[in-house]
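Coordinate-derived values only; no laboratory data. Every value quoted in this text rests on a predicted model; they were computed, and no experiment measured them. A quick note on method: Cβ atoms are made from the backbone with ideal geometry, for glycine too, and the neighbour counts reach across all protein chains shown.
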């Protein structure tokens, strides 16, 4: 279980279990002299925190971050930044039959097949709680990127219901519990997810992350491609089953002329007439917005019984009681933003260092 | 331009330009005592080689591989394996205006933005020629995986035309120039791609790679996930814009019960009733077939004129003459197979070493 | 300042400044199911702690370690182990002229030349305080190595005064403040170091670390050699200027027959008649004790004035007041043990995983 | 056997066996636009080549290097540089009893203990032939460092006979077969090594490498220290048992004032009055010459019989016939230079990239 670091120059190592005393991360490689306080990080943790609406799990924790090293008088010093969140809601609860049965589609099966260990207490490291530290690290990555780069996310599909992209308004994403950019879709999703929740079911979603202000030149040829790193980073988020850049899978149906982002000179700058490429060509950023999307499958924790097996090797019907999310895709939005911010910060440092 | 290695334990470093004397790779980390000769590698290179039908570029080279080290008396010794292919078709040709203009959607723009260098001679390292060494390395990876694991690929969509999955027959993939598993779709694609080629256009495609016989337990939690590594590996292939595992983006529209791969005991083994997960849960293989798909955008090299700019900062209409592929997705099939084989070999060695 | 991790499979990332709220480390790659509590770590921290005799610096801190993750019911779980020590003795003090002048031989000069930042508060990350976390990590490494492997250190030279190796007794090392294995040398060093301390001077030392019970086969050819990793690990300790394995520099004067460790069969095992090689041949352990030595230069913090320069670019005479060690080599003994334990644990995991 | 790469940004992967068709290396991370041809590399290979005097092994090969990629019109392009030397002297010979017995002090024992494989054909990867590619890579590293940095090596001790440092003259190193910087020591060594050779014995040596013109600031705190990387690089050379920086082990006997390199301002520059530190403080270069020394043990290949064991587990007396070096330390001089050049080039790129 030894892969808890990501990034090359901006390196984040996360630690901690959902039922231990604390979770944390160490960020190594953050440049010196960058303004940074807990107040730069806390708002992003707050937006990821569960228990904020009927549509996310009811675990209630303040998730208060503290900076333990690497910052002096409000600025980074270039030394490793240690961030810690103390766990406060570790109540011992009755895991019941979940402790002995495997939920179809859940990591507990493969962890058990691989390690022969079963950490039924909240899933251990496979718990979504680990993503809190990704969000904290992402907030630091945003400071590295600076104000010129803006990384924002939105939920663009819930179950079968996609948004109308013509109504896209970023301001909307902060005024509804779904990070939905299309105001008119919100009541539809409320109704739909309310039904899903009441029936004890769950549903998938698609998240879109957009980074504006990314300078051209981030990324490197062959195996250091910006889009390859984004794909790995987003695929590493719990429950993600697909990643695409720009128009993604839709480009398979395009002809060359349909796919080409025509260009012309606008004064001395190159202006693009479209962004099917999602801001990346040959693994290197073009200067256009970087656009990535990922599919989140429905959670396997639900009240609907499913045929499964247990530790004893018996056939069972499994049902998951207790707090959980009808649509884990909602909380994946700030996590996706954080992962993209971390990848971009890493590549910005590589690019500055002329090493990719 | 310093990222020419991929893999952790099974590490492949590729080198060489399409217009230099040779291309090659060094495979470090291949275990000893594995049977290996050139004859294990050559057939895969032959299947990737261009010039085999009217639907791929007409560059004609034998692409004959030689093993320069790491093999003694027909078996690997555990030392680095050096593979070399001499370039034979390096004719100096007239690149014409392509030498000065940027093709919309091509890496030559971002390479130039980043490095200020323009290698118009066949694209330098961004050339698809680099993928020949991926295929060679993939052949070695297959020997590491052994006969119990079978990695096969198919083209499942060309432009807007997908196959009928009910007619899927792996045997078909070797008897048509498209790696198409659906015999009835072949004439349709022939007609469609013939028209595309005649009109000087190009078109995208979707490739599916399936690995049978993958043992459970490959992969690791958090940032060493099997699917994250697959996503990066496939996204690193030229022109790829999207990657998905199992049902991928379709799972966003599923409910939990629809997505759950129900299980029951079959004797002492776990039997799955479906494989929406594509053989991976929580970043770790389940023992079911690993299924990955990727979208290849249409090549930017085409006869259709597109508004663009040139090195001098002028507006131009760009047209690409000379040999090229109407559908680069076709030749991406053996490359995708090779990348999946390499990732699986890497994870199999990690798993054996109890390190992920 | 972004290199705060060492190790390949057993990876330790340290963080924290001597004047911040805490110091800590994250150990990633520790195998599961190993018994581990704070009581396994604390004794080693206690032995490194300053302020225990007149011969080490008088900073007094309990250095109490707590395990924040990775351990459940007294055993490791395979997830990252987070260790933390709160700083309690961060009194703000008058650094006086040291804040503006460079001590000849101290890292503050090169840090300033490189980063243009001057962390006069106890040296920041160049402070020996960082080595506390190395010792903590080393204690965990010992648990990975198991009881069959014993890593012990001794001080074998202080200034010009070496021990008599014929009187070597490991039991002595725990009963004098110098980790000295030769009882008769202790009063000599007491007298000598007492004089050095009174005169406000400092002196160098040589530390020897011996690991018994190391199985044959640890290490790997070419660039993964056990001795190369030991050399880097020991050279990374503050103030170390030389590293040798086995008879080290003395072998330069040997002839081949003098250097050869003759062998014979002892039943079915190979028995060696000497250990000039220090337990390593061709970068791989032989099964004999691994013997490494390193030279520690005298600290640059002393009362003797030395010609130097200050931040303003003026010639000055520099004198260091305040608490410090007359012989930093003493406290380097447990640090050296810890580094060797970490390298051996790392290589034991690589060896188990058949990856070097 | 999977550790065939060294370096972080300037990365060298070597491949090839002494009895295969060729040996080679791939250098990834070399910056673009650096002038480079075979003529920049060949002289360094020539100086390492055996068979040039009675004091080195008689294997005669031209060791002619060719550049296979990464260079266009006499300049690097930033893409991987592939270097190849064809083996021409692979005569099959009678290894006799060496094929079955272990030489005390030779890597063939530990390779066998670890891998259970015995490559008696010239030692396989443990052969000194691998160091030819280190020398080739070192020549490229010198081009990266540029003319302002000069890396030179000398033999300073052969067996018990050291040079007189007061007579040090770099010009002498190229006019005798020992790289000896002290003209008056040459006849002594000739006599001594002639006797050693005639008696079929061997002897150790000490090599010193000095790099002038190294800018201040190379290296990084904690685990990215310049001296730690040098220590690992030099210790990875065949037969090396000790490494020291500056005055090395001698500093253990110094007092603080003796060790301090006093400084004063010389105009606006800092001038040092001595260089006990060997140009490195706190793991970072000071701007003074970087001085490193390493001890090479006598080779285990000699005519003197030594008690040993064989593959069958029997006691034997082992004697090595055939070509070999009475003092392998001689040929280690260009290898040591190359390793220091590679480490410095790596750190220069890291420093430029502000990443250490």
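What to note about this one:
- Over region B:160-274: Kirkwood hydrodynamic radius from C-alpha pairwise inverse distances, Å: 17.6
- Computed with the Debye formula from one identical point scatterer per Cα of chain B, without solvent, the log10 of I(q)/I(0) at q = 0.06, 0.15, 0.16 Å⁻¹ comes to -0.23, -1.37, -1.50.
- Kirkwood hydrodynamic radius of region D:87-246, from inverse mean 1/r over distinct Cα pairs, in Å: 18.9
- When chain C is turned onto chain B, its residue with the beta carbon nearest the axis, and that distance in whole angstrom, is C:353, 1.
- Most mobile listed residue (A:233, A:139, A:39) in chain A, GNM with C-alpha springs under 10 Å: A:39
- Note on region A:179-228: Rg/Rh from Cα positions, Kirkwood definition for Rh, rounded to two decimals, is 1.25.
- In summary, the convex hull built on the alpha carbon positions of region C:135-222 has an orientation-averaged projected area of 8.3 nm².
- Footprinting exposure proxy for D:190, B:208 (fewest neighbouring C-beta atoms within 10 Å first): D:190, B:208
- For residue A:198, inter-copy label distances in nm, listed shortest first [label point 7 Å out on the Cα-Cβ vector]: 5.9, 9.1, 10.6
- Across the alpha-carbon set of region A:161-208, the Rg to Rh ratio works out to 0.98, Rh being the Kirkwood radius.
- Cβ-Cβ FRET estimate between residue C:269 and residue C:64, R0 fixed at 51 Å, reported to 0.05: 0.70
- Acute angle (nearest 10 degrees) that the helix D:226-235 long axis makes with the longest principal axis of chain D, alpha-carbon atoms: 10
- Note on chain B: GNM, Cα springs under 10 Å; of B:277, B:250, B:220, the largest mean-square fluctuation is that of B:250.
- Overall form of region C:263-304 per C-alpha gyration tensor (a/c, 1.5; a/b vs b/c): prolate
- 7 Å along Cα→Cβ, label-point gaps from residue A:62 to other copies, nm, shortest first: 2.5, 7.5, 7.8
- Remark: relative contact order (chain B) = 23 percent; criterion is Cα-Cα distance under 8 angstrom and separation of 6 or more residues.
- Reciprocal mean inverse distance between Cα atoms of the protein assembly as shown - Kirkwood radius, Å: 33.0
- Against chain A, whose longest principal axis comes from its Cα atoms, helix A:38-48 is set at around 60 degrees.
- Whole-angstrom gap from region C:205-241 to region A:156-198, using each part's C-alpha centre: 59
- Comparing mean-square fluctuations of D:200, D:162, D:313 from a GNM of chain D with C-alpha springs under 10 Å, the top value falls on D:313.
- D (Stokes-Einstein, µm²/s), Kirkwood Cα radius, region D:260-356, 1.002 mPa s at 20 °C: 119
- Per residue of chain C, the DSSP helices (runs of n ≥ 4 H) give a summed -39500 (n - 2.57) that works out to -7500 deg cm²/dmol at 222 nm.
- With the label put 7 angstrom out from Cα along the Cα-to-Cβ vector, residue C:352 ends up 1.8, 4.0, 4.2 nm from the copy partners, going from closest to farthest.
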